[in-house]
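Quick notes on the structure that follows.
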Amino acid sequence: MIKNIFKSKVFLMILISAFVLSGCGTGGNADTPAKETPGAVTAGSLAEEYLAEMSDAGARVAATDQEVAAGEWIIKTLKDMGYEATLEPFTYEDEDGVSHDSNNIIVEKAGNTDKTIIIGAHYDSMTDGDGVDDNASGIAVMLEAAKVLKDAETPQTLKFIFFGAEEAGLMGSTYYAAQMSPEDISNTLLMINFDSLVAGDNAHVYGNGDADGKYRDRVLEIASEKGLELVTQPGENKEYPAGTTGDWSDHAPFKEAGIPYIYFESTNWTLGEKDGYTQVDVALGDNGEIWHTEFDTMEYIEANFPGRISERLATFAEATETLLQEDLAI
């Protein structure tokens, strides 16, 4: 995410259901047993393997050889699942007007209809740390979902997009959304975004502040049904109405285009300025932040939050894989 690069404009919430508000919480997540997903795969187990591989590779700064190598690894991993990836190259300018190249990586899994759900996460990272939380964790859950659902029957067509250069200013997602035709936009039911899933105190799901918040509400229902420790943000900061979030990650260009969104993240909205920036106690990380710091490594997160990585990957994987097999066009 790019929370430390710019703060977002926010939108007003017209209505949040009593269920969503009752799902808000401030406590940490208990370690819960991993659940079974389709195909007898334990939820989160594949994601753990993918996360470990990305952690070993280290940082993946936008427009560097390391970002390219990470993209090549993603393409190979998808090919091993039976997907044929499409590379979408794009060029962007930094704040000094210097041009840089990056790529989005896209695979599609056909559903029973051509109504589409976009599932996205960025694969680049900042210079400090290994980018484990931000955002190898999001890529890991996406890859698990792509593999688990590869041969499953899904009501909607699933489009998995691995965005480049998010940390440079949402470049990959902005480029992709800008290429969508009016027909593409109207045919897209939902955009699901994964960003920074394993370090923060609480597992969250966010969504729109209007009637399209129904997709977030359904995720919260799934969490309740399956005993998952997953909540939305409580709205203690009036700039961010309960259930919503800021425009600092790859959901934002799709939201701007009028596409409903779900955004998964781990942080703590009850700390600091209550804006989601402070992920953990200020005595840890860099004044409570893990993302964008030297502390964003597997070793630091596991040492200071034992069991959190496994629990979060299992939680987000099961919620996602369950949702993607439901008919969301109803």
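Residues in region 58-70 that are over 13 Å from Ala140 (Cα atoms) and either touching a residue at least 24 places away in the same chain (Cβ under 8 Å) or not small (Gly, Ala, Ser) (or both): Gly58, Ala59, Arg60, Val61, Ala62, Ala63, Thr64, Asp65, Gln66, Glu67, Val68.
For region 285-297, the criterion of a residue being hydrophobic (A, V, I, L, M, F, W, C), more than 30 Å from Asn187 (Cα to Cα) and more than 20 Å from the chain's Cα centre (by Cα) is satisfied by no position.
One residue alone among Thr244, Thr267, Thr232, Thr278 is more than 28 Å from Gly307 (Cβ to Cβ), buried (at least 18 other Cβ atoms within 10 Å of the Cβ), polar (S, T, N, Q) and at pLDDT 95 or above, and that residue is Thr244. Kindly indicate the residue of region 298-330 that is in contact with a strand residue (DSSP E or B) (Cβ under 7 Å, 6 or more places away or on another chain) and surrounded by fewer than 19 Cβ atoms within 10 Å (Cβ to Cβ) and also nearest to Ser186 (Cα to Cα) among those meeting that condition. Once the filter is applied, the top-ranked residue is Ala329. A Cβ distance below 6 Å, combined with a sequence gap of six or more or placement on separate chains, defines the contacts here; from region 298-326, residues that are in a helix (DSSP H, G or I) reach residues that are at pLDDT below 95 and hydrophobic (A, V, I, L, M, F, W, C) in the pairs Ala314/Ala34. Give me the residue from region 247-264 that is surrounded by fewer than 24 Cβ atoms within 10 Å (Cβ to Cβ) and of a type in the set (D, E, K, R) and, out of that set, farthest from Met142 (Cα to Cα). Only one residue tops the list, namely Glu256. Inside region 87-128, residues that are among the acidic types (Asp, Glu), more than 21 Å from Ala140 (Cβ to Cβ) and surrounded by 12 or more Cβ atoms within 10 Å (Cβ to Cβ) make up a count of 4. Taking the criterion of being over 22 Å from Gly164 (Cα atoms) and of a type in the set (Val, Ile, Thr), the residues of region 246-276 that qualify are Thr267, Thr270.
Would you pick out the residues in region 40-69 that are closer than 20 Å to Ser99 by Cα and either out of contact with any strand residue (DSSP E or B) (no Cβ under 7 Å at 6 or more places or on another chain) or crowded, with 22+ Cβ neighbours inside 10 Å (or both)?
Arg60, Ala62, Thr64, Asp65, Gln66, Glu67, Val68, Ala69
When region 248-284 is filtered for residues that are in a strand (DSSP E or B), touching a Phe, Trp or Tyr at 6+ places or on another chain (Cβ under 8 Å) and either more than 19 Å from Gly120 (Cβ to Cβ) or polar (S, T, N, Q) (or both), only Thr267 remains.
Filtered by the rule that a residue be farther than 14 Å from Leu313 by Cα and either within 12 Å of the chain's Cα centre (by Cα) or crowded, with 24+ Cβ neighbours inside 10 Å (or both), region 131-147 gives a lone residue, Gly131. Just to be sure before I move on: is Ser196 touching a Ser or Thr at 6+ places or on another chain (Cβ under 7 Å) and of a type in the set (Gly, Ala, Ser) in the structure I sent? Criteria met by Ser196.
Per-residue answers, yes or no, for (1) small (Gly, Ala, Ser); (2) at pLDDT 95 or above; (3) within 21 Å of Thr293 (Cα to Cα):
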position	(1), (2), (3)
Phe162	no, yes, no
Ile185	no, yes, no
Thr188	no, yes, no
Leu197	no, yes, yes
Glu221	no, yes, no
Ser224	yes, yes, no
Asp250	no, yes, yes
Ala257	yes, yes, no
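The values are calculated or read from the model by the stated rules, or taken from the named source; none is laboratory data. Remember, predicted model here, so these are calculated numbers, not experimental data. Don't worry about glycine lacking a Cβ; one is built from the backbone with ideal geometry, like all the others, and counts go over all protein chains shown.
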